[in-house]
Amino acid sequence: VQLVESGGGEVQSGGSLRLSCLASESTPFIKAMAWYRQPPGKKRELIAAITTGGTRLNGADSVKDRFTISIDNAKNTMYLQLNSLKPDDTAVYYCSGGTYFRTTYYPNEFWGQGTQVTVSS
């Protein structure tokens with residue numbers, strides 16, 4: 001299974017973007033998906049996660065009021081709506097496929113190549 005992100009770019013502070021993650025096929029090995037981001041010089045962090053059934057899992061409290069995760073199984077696509085973007089949101093955003101237990105997401109070996117989001121002040 002390949003995961004391909006798209007939708008990144010450069011926006012001004014306060015702007016919006018919608019990221020997409022297209023999975024090449026459905027697989028029983030992916031029961032949940034997530035978005036991570038890695039700012040320059042920092043570790044990769046979990047932003048938001050969702051089951052393939054559409055139930056949201058634990059994510060980053062710092063962005064939950066501005067970022068919204070969703071999934072469209074008919075299109076094998078997961079989305080991340082980014083609103084009210086700030087310069088601190090500048091990062092490479094990665095799509096991940098994995099599993100979950102209760103409300104916690106666990107990644108496995110399925111990762112996209114990343115898409116750059118740059119927010120200018």
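The values are calculated or read from the model by the stated rules, or taken from the named source; none is laboratory data. What you see is a predicted model; the values in this text were computed from it and never measured. All Cβ positions, glycine included, derive from the backbone under ideal geometry; neighbour counts span all protein chains shown. Ligands, DNA and RNA are stripped out before the accessible areas are found, and what is left, the full protein with its side chains, is counted by its heavy atoms. Shrake-Rupley method; radii C 1.70, N 1.55, O 1.52, S 1.80 Å.
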### Task
Add +1 for every Lys or Arg and -1 for every Asp or Glu among the other residues with Cβ under 9 Å from the Cβ of residue 79, and state the total.
0
#### Entry: Potential lengthening between residue 75 and residue 22 on full extension [0.36 nm per residue; Cα-Cα distance subtracted]
18.3 nm
### Task
Return the long-range amide H neighbours of residue 52 (sequence gap of 5 or more, or a different chain), with a cut-off of under 5 Å between placed amide H atoms.
32, 33
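Which number do you get for Rg(Cα) / (2.2 N^0.38 Å) in the chain? Kindly include the intermediate steps, with their values, before the conclusion.
Working: Rg = 13.3 Å, N = 121, 2.2 N^0.38 = 13.6 Å.
Ratio of Cα Rg to 2.2 N^0.38 Å: 0.98.
Report the relative contact order of region 32-108, percent, no decimals, based on alpha-carbon pairs under 8 angstrom and at least 6 residues apart. Don't skip to the end; give the middle numbers.
On the way: 143 pairs, mean separation 28.3, N = 77.
Computed over region 32-108, the figure is 37 percent.
Among DSSP beta bridges lying fully in region 5-121, give the percent that are antiparallel, nearest 5.
Values: 38 of 42 bridges.
Beta bridges within region 5-121, antiparallel portion: roughly 90 percent.
In region 33-87, which trypsin sites (Lys or Arg not before Pro) fall in coil by DSSP and have 13 or fewer other Cβ atoms within 10 Å?
On the way: sites: 37, 42, 43, 44, 56, 64, 66, 75; in loops: 42, 43, 44, 64, 66.
Hits after loop and neighbour filter: 42, 43.
Net charge within 15 Å of residue 63 by Cβ-Cβ distance, Lys/Arg positive one each and Asp/Glu negative one each, not counting residue 63 itself? Can you show the working numbers first?
Numbers: positive: 18, 37, 42, 44, 56, 64, 66, 86; negative: 45, 61, 65, 88, 89.
Its environment carries a net charge of +3.
Number of Lys-Lys pairs in the chain under 21 Å by Cα, sequence gap 8 or more or different chains?
Numbers: 31/75; 42/64; 42/86; 43/64; 43/86; 64/86.
Close lysine pairs found across the chain: 6.
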#### Entry: Carbon and sulfur %, accessible surface of the chain computed with the full protein complex present, 1.4 Å
47 percent
